[in-house]
Amino acid sequence: MKYVDEFRDPAKARALIGEINVQVARIETCKSRPLAIMEVCGGHTHAIFKYGIEQMLPDAVELVHGPGCPVCVLPMGRVDDCVALAETPGVIFTTFGDAMRVPGSKKSLMQAKADGADIRMVYSPLDALAIARSNPDKEVIFFGLGFETTMPSTALTILQAEAEGIRNFSLFCNHITIIPTMEAICSSPDLKLDGFLGPGHVSMVIGEAPYRFIAERYKRPLVISGFEPLDVLHSIAMVLKQIAEGRAEIENQYSRIVPKNGNEQAQAAISRVFELREFFEWRGLGSIDHSGVRIRDAYAHYDAERKFAVPALKIADPAACQCGDVLKGLLKPQDCKVFGRACTPETPLGALMVSSEGACAAYYQYGDLDREPVGEDA
Amino acid sequence: MCLGIPGQIVEIRDTVRQLGLVDVAGVRREVNLACVVGDDHRIADCIGDWVLVHVGFAMSRIDEEEARATLKILEDIGEVQESLAAMRAGDEAMQTNGTGGAS
């Protein structure tokens, strides 16, 4: 347990690991197979790897790294669309830095910028709006990316643009929504999950209620978790306790940040500006019904997909890339054929290697490679 | 992008656009406060508040202890540096003129 000493409160970490072991001993099913708990959020994935949380858990508990990294699930065709928009004459294309290196079928945004497109990394959609304000002769497009955590910020930016009458600003909307995605995961026949760690900051916006179907329909526990390693251990113990007691409920370990009803101002901004798309394409997971949002007709003049010609081609992932199986928890990152060889953080083939919140980049950076196979204690 | 970073509101800049100046790990940046104000907490009441900032928007009020604990883990996983670099990149992007190519 060499990692525990790095914790803010090592004694508390040891106590939580003790609690996890107590719960595991009460659970019959994990005598025949390990329990699988999915952390949905990429931020949790990063913290789990950084602190070596998997190595602290008994063999009877496995963590499955979920699809909650928006950069990682961006399909190649959408990157190509970004490049096409960025290379349109008169356009300034603005994006979060995370998206710059995601490979498209021909090039990434980074390469398009090197080829001369005016692509600018911004911290906030408000930066993009400021660029539109000071460049009235240009069309400024913001690449909107992320789950419900970043959705309110783009919605509020569009409302701000409308209030000021700024017309040379638009959004290439690639926001995705967590609930239909979790629904797809739960109803997938090849997934065997026993419980979930719910995302912290998405929940801060949407609250607890939207997850209820996971407990009610799929009889799986979900615990909304904070990002500190102690939070993650505590949440895992809470999930296991539910399983041991035969309960399936939505619990909130992160109530100091996540209000029961979420953030109502943020929800109001989202529903004013966005509506659900019929479906949205995910890298590795395919098309998921109602999993993305688009701009409502009332704000159509801020929709880059209506303002510009977007190729919108569907591009298959590279054949060698197994991101999809890793995303679904069917394959560990280091078991992918190209992991660490053709696919590294410097030259990523798949999106899971691009972002620090992607499972492959986390494995690569923090090296979980020495872990003994389950069942072979040595 | 998704984790956010804690900061303290030090000044109200624009009550119409609901903008405040937030000190994030020693760097001051304009942040939108729309999601942390309401009838029970007006924008003028925000000075001194600790908030969790996501891509330029304060999304949640937090207490100081929580802010410090969160900053610690963000530092550990390299997110503080990443957020500050993103803010600097944003500042540069807003100051660039003309059709900059590779720069």
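The values are calculated or read from the model by the stated rules, or taken from the named source; none is laboratory data. Note that the structure is predicted; figures quoted are calculated from it, not measured. Backbone-built Cβ (ideal geometry, glycine too); neighbour counts: all protein chains shown. These accessible areas exclude ligands, DNA and RNA; they are computed on the full protein's heavy atoms, side chains included. Shrake-Rupley method; radii C 1.70, N 1.55, O 1.52, S 1.80 Å.
Shielding by partners for peptide A:86-98, expressed as the average number of C-beta atoms from other protein chains within 10 Å of each residue's C-beta, is 2.
Between A:Asp297 and A:Asp5, the contour length at 0.36 nm per residue exceeds the Cα-Cα span by 99.7 nm.
Per residue, the protein assembly as shown reaches -10000 deg cm²/dmol at 222 nm when only DSSP H runs of four or more residues are counted, each adding -39500 (n - 2.57). Take each residue in A:128-141, count the other chain C-beta atoms within 10 Å of its C-beta, and the mean is 2.
With K and R counted +1 and D and E -1, the other residues having a Cβ less than 11 Å from that of A:Arg277 yield a net charge of -4. Among the trypsin sites (Lys or Arg not before Pro) found in segment A:36-133, not one is both in a DSSP coil and sparsely packed, with 11 or fewer other Cβ atoms within 10 Å of its Cβ.
In angstrom, the C-alpha Rg and Dmax of chain A are 21.2, 67. For chain A, A:Cys30, A:Cys41, A:Cys82, A:Cys173, A:Cys186, A:Cys321, A:Cys323, A:Cys336, A:Cys343, A:Cys360 have no disulfide-compatible partner, since no other Cys C-beta lies under 4.7 Å from theirs. Taking all protein chains together, A:Leu313, A:Leu63 sort by accessible area into A:Leu313, A:Leu63, largest first [probe 1.4 Å]. For the pair A:Thr88 and B:Arg88, label points projected 7 Å from Cα toward Cβ lie 3.3 nm apart.
Residue by residue along B:23-30, Cβ atoms of other protein chains within 10 Å of the local Cβ number 1 on average. Running a GNM on chain A with Cα contacts under 10 Å, which residue among A:Gly97, A:Gly329, A:Gly195 ends up with the highest mean-square fluctuation? Result: A:Gly97 has the largest fluctuation of those listed. What's the center-to-center distance, using Cα atoms, between segment A:1-53 and segment A:286-351 in Å? If you average the Cα positions of each part, the centres end up 30 Å apart.
Across the alpha-carbon atoms of segment B:5-62, the computed radius of gyration and Dmax are 9.7, 30 angstrom. Translational diffusion coefficient of chain B (Stokes-Einstein, Kirkwood radius from Cα pairs, 20 °C, 1.002 mPa s): 150 µm²/s.
For segment B:70-82, putting each phi into the Karplus relation 6.51 cos²θ - 1.76 cosθ + 1.60 with θ = phi - 60° gives couplings of 5, 4, 4, 5, 5, 5, 4, 9, x, 7, 5, 4, 5 Hz, in residue order, rounded to whole numbers and with x for Gly and Pro.
One Cα centroid belongs to segment A:176-217, the other to segment B:26-65; the line between them spans 28 Å. Across segment A:346-359, rounded Karplus estimates of 3J(HN,Hα) from the backbone phi angles (6.51 cos²θ - 1.76 cosθ + 1.60, θ = phi - 60°) give 6, 10, x, 8, x, 5, 5, 9, 7, 8, 5, 8, x, 4 Hz, Gly and Pro being marked x.
Within chain A, antiparallel bridges make up roughly 20 percent of the DSSP beta bridges whose residues both belong there. The gain in end-to-end length when the A:Gln365 to A:Asp115 segment is fully stretched comes to 87.0 nm, 0.36 nm per residue minus the alpha carbon separation. With all protein chains in place and ligands, DNA and RNA left out, the 1.4 Å accessible area ranks B:Trp50, A:Trp282 as B:Trp50, A:Trp282, largest first. For segment A:243-321, GluC sites (Glu not before Pro) meeting the loop criterion (DSSP other than H, G, I, E, B) and having at most 14 other Cβ atoms within 10 Å: A:Glu245, A:Glu278.
So what's the net charge close to A:Leu197: Lys and Arg +1, Asp and Glu -1, counting the other residues with Cβ under 11 Å from its Cβ? Each step should come with its number before you reach the end.
On the way: positive: none; negative: A:Glu39, A:Asp231, A:Glu251.
Around A:Leu197, the surrounding residues sum to -3.
What total accessible area, in Å², is buried where chains A and B meet, using a 1.4 Å probe and rounding to the nearest 100? Let's see the in-between values first.
Numbers: alone 15980 and 6610 Å², together 18740 Å².
Roughly 3900 Å² of accessible surface disappears when A and B pair.
Legend: calculated FRET efficiency, B:Ala44 to A:Lys192, from the Cβ-Cβ distance at R0 = 56 Å, rounded to 0.05, equals 0.60. Scanning residues 5 or more positions from B:Ser60 or on other chains, those with amide H under 5 Å from its amide H are B:Leu52, with H placed 1.01 Å from N in the peptide plane. Note that segment A:24-34 has calculated 3J(HN,Hα) couplings of 4, 5, 7, 9, 5, 4, 7, 7, 9, 8, x Hz, one per residue in order, obtained from phi through the Karplus relation 6.51 cos²θ - 1.76 cosθ + 1.60 (θ = phi - 60°); glycine and proline are x. For A:Phe274, the residues whose amide H sits under 5 Å from its own are A:Arg296, ignoring neighbours fewer than 5 places away on the same chain, with H placed 1.01 Å from N. Full extension of the chain between A:Lys314 and A:Ser32 gives 97.3 nm of extra length, using 0.36 nm per residue less the Cα-Cα distance.
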